[in-house]
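K.L.:
Let me give you the structure first, and then I'll get to my questions.
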Amino acid sequence: MSQAERDRVMNRLRNGTADLLIATDVAARGLDVDHLTHVINYNVPPAPESYVHRIGRVGRAGREGVAITLVEPRERRMLEAIEHLTRQKVPLVKVPTRADLLASRLAVTRQALVDVLESGDVAGVQALVEELAASYDPQQVALAAVALAHRAQAPADEADIPEVSTRPVRPVRDDAPRGAATGPRTAGYVKGERVPRKAAKAGMAKLYIGAGRAANVRPQDLVGAIAGESHLTGKDIGGIEITERFSLVEVPETDIDAVIKALRSSVIKGRKVPIRRDRDA
């Protein structure tokens, strides 16, 4: 956005006409809004200091605020670094399932009905209820009214969220020298030696991306670039191997040419990198 566009967006947030702002770390550092109540981190910031800057947007001047961070099992180490810096334990809870959300919404509907019943504020609908009760069982009329109120706030096509373990993933690299640093979902790499390649799974092909650990590339960077530039989603992407100088990503064989074409005009970690089908797969 241009500076003028950013100013317009920030003014909307400050005056309350916008309820939600999606921002990068760069924007998050410069936000100065008094009434923010929640900060949701879509991923764990790679630097603990960035986390502090992000959550510092809420609870300002002694007020309370809530910070929620979506954490994958392989990101637990990064979360521990944040806990060490802030000297605070971040409690882990599982992402609510669809059943949890439905139960919560039912509780909200129930409380809304109780509030109306206790206040007696039923003006304007009594005649309608009496008319319906003359043709239908009053209990069925009540059931229909509650169902209508409940469905108004519950999306019908909401997908369930798969349950995952909250334990940190400890990747195994048989070919890495003892004491070498390991990263999530990365392939072994010893400088000066050929990197062993694993065969792609059936129906999948390997995409070669000319950036690796030396460029601070992480699995989420690769998934984000592919999902953001092509029609694939994170679920379509297979195994990821990250070496010092390059990365290999499994994508459906039928889509690899389209993915290559889409990525050639994009940037990863701030620069354009070679993108092609892996020749050694």
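Bear in mind these aren't lab numbers, they're just calculated from the coordinates by the rules spelled out. All of these numbers come straight from a predicted model, not from anything done at the bench. Note that we place each Cβ from the backbone using ideal geometry, even for glycine, and neighbour counts take in every protein chain shown.
K.L.:
On full extension of the chain, what length is gained from residue 66 through residue 132, given 0.36 nm per residue of separation minus the C-alpha to C-alpha distance?
P.N.:
Stretched fully, the residue 66-residue 132 segment lengthens by 19.2 nm.
K.L.:
Moving on. Which is farthest toward the positive dipole end of region 3-86 among 50, 13, 85, measuring Cα position about the Cα centre, with Cβ charges +1 (Lys, Arg) and -1 (Asp, Glu)?
P.N.:
The listed residue farthest towards the positive side: 13.
K.L.:
Any chance you could run the full-extension gain for residue 9 through residue 244? It's 0.36 nm times the residue separation minus the Cα-Cα distance, nm to one decimal.
P.N.:
80.6 nm
K.L.:
List the residues, sorted by chain then number, that are 5 or more residues from residue 39 or on another chain and whose placed amide H is less than 5 Å from its amide H.
P.N.:
So residue 39 has HN proximity to 66, 67, 68.
K.L.:
If packing is taken as the mean number of other Cβ atoms within 10 Å per residue, what is the order of 242-250, 81-89, 43-51, highest first?
P.N.:
242-250, 43-51, 81-89
K.L.:
Which value, in debye to the nearest 20, gives the size of the charge dipole of region 98-151 about its Cα centre, when Lys and Arg are +1 and Asp and Glu are -1 at the Cβ?
P.N.:
Value, rounded to 20: 360 debye.
K.L.:
Sticking with this one: Under the rule a/c < 1.5 gives rounded, and otherwise a/b versus b/c splits prolate from oblate, where does region 1-114 land using the Cα gyration tensor?
P.N.:
oblate
K.L.:
Would you mind classifying region 98-151 by shape? Square roots of the alpha carbon gyration tensor eigenvalues, ordered a ≥ b ≥ c; an a/c under 1.5 is rounded, otherwise it is prolate if a/b is larger than b/c and oblate if not.
P.N.:
Since a/c reaches 1.5 but b/c is at least a/b, the shape of region 98-151 is classed as oblate.
K.L.:
Fewest to most neighbouring Cβ within 10 Å: what's the order for 38, 53?
P.N.:
The fewest-first ordering by Cβ neighbours comes to 38, 53.
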